Amino acid sequence: MAAVASNPSLDVVLTALDGESRPLEEWLTTFNLACVVLDPYTNESSWILKTAARILNEFRGADVRVNFVVTCDADDAKKFLGPLAEEFLVFTDTDRAFVKSLGLESLPAFVFVSMDGHAAAAAEGWNASEWSKVAGAIAKATVWSRPAIPASGDPVSFAGTPALAQ
């Protein structure tokens, strides 16, 4: 479903897998954020991993910090993401403060946060046309090409699971 994300609090703290914690405002100092937000304890978030990695990879050279935000601790994030934990910037959101701040209702989600802290685009669950709109917003803001969404091998649409279920 199309998301109507709230502008997140710039004070919400995101912690990278290496343990570095900073308020969102500091992560936005030089780049926008393209976030795929996942709940590692649900099947739905696992179904989108390959597709999400493909989409984020296509934005690697753009002026955007591509990342996964995983609603668990670092150990569980590494287990869930496997080798992707080494390939991408990964933030943990154990108390779901970032998820709450954005007002997300279901996960997985694809969220574009601009450098000014504005939630410029968001999609919840997996719907190729909605994720494509988020990718389009990122491409337009960064003057980059939009990845093909959907692509061969992408899952069929699904609603996702409650974002605040724990």
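The values are calculated or read from the model by the stated rules, or taken from the named source; none is laboratory data. Here the structure is a predicted model, which means the values were calculated and not measured. Please note: Cβ atoms are built from the backbone with ideal geometry, for glycine as well, and neighbour counts cover all protein chains shown.
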>> If the requirement is being modelled with pLDDT of 95 or more and closer than 14 Å to C35 by Cα, which of these qualifies: A135, A163?
In response: A135
> Could you say which residue among S132, S114, S101, S152 is free of Cβ contacts under 8 Å to residues at least 24 places away in the same chain, over 19 Å from T42 (Cβ atoms) and either surrounded by 19 or more Cβ atoms within 10 Å (Cβ to Cβ) or touching a strand residue (DSSP E or B) at 6+ places or on another chain (Cβ under 9 Å) (or both)?
Replying inline: S132
> Does D95 count as closer than 16 Å to A137 by Cα, surrounded by fewer than 18 Cβ atoms within 10 Å (Cβ to Cβ) and of a type in the set (D, E)?
Replying inline: no
>> For segment 8-49, give me the residue count where each residue is under 16 Å from the mean Cα position of the chain (by Cα) and acidic (D, E).
In response: 2
> In segment 111-166, which residues are within 13 Å of A52 (Cβ to Cβ) and in a loop (DSSP other than H, G, I, E, B)?
Replying inline: G125, P147, I149, P150, A151, G153, D154, P155, G160
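Every residue, every condition in (1) closer than 20 Å to P147 by Cα; (2) buried (at least 23 other Cβ atoms within 10 Å of the Cβ), yes or no:
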{"site": "P40", "(1), (2)": "no, no"}
{"site": "E44", "(1), (2)": "no, no"}
{"site": "N67", "(1), (2)": "yes, no"}
{"site": "V70", "(1), (2)": "no, yes"}
{"site": "D76", "(1), (2)": "no, no"}
> Just one of the numbered conditions (1) over 24 Å from E26 (Cα atoms); (2) surrounded by 17 or more Cβ atoms within 10 Å (Cβ to Cβ); (3) more than 13 Å from the chain's Cα centre (by Cα) is not true of L107; which one?
Replying inline: (3)
> If you check F88 against the conditions, is it touching a residue at least 24 places away in the same chain (Cβ under 8 Å), over 13 Å from the mean Cα position of the chain (by Cα) and over 16 Å from W131 (Cβ atoms)?
Replying inline: no
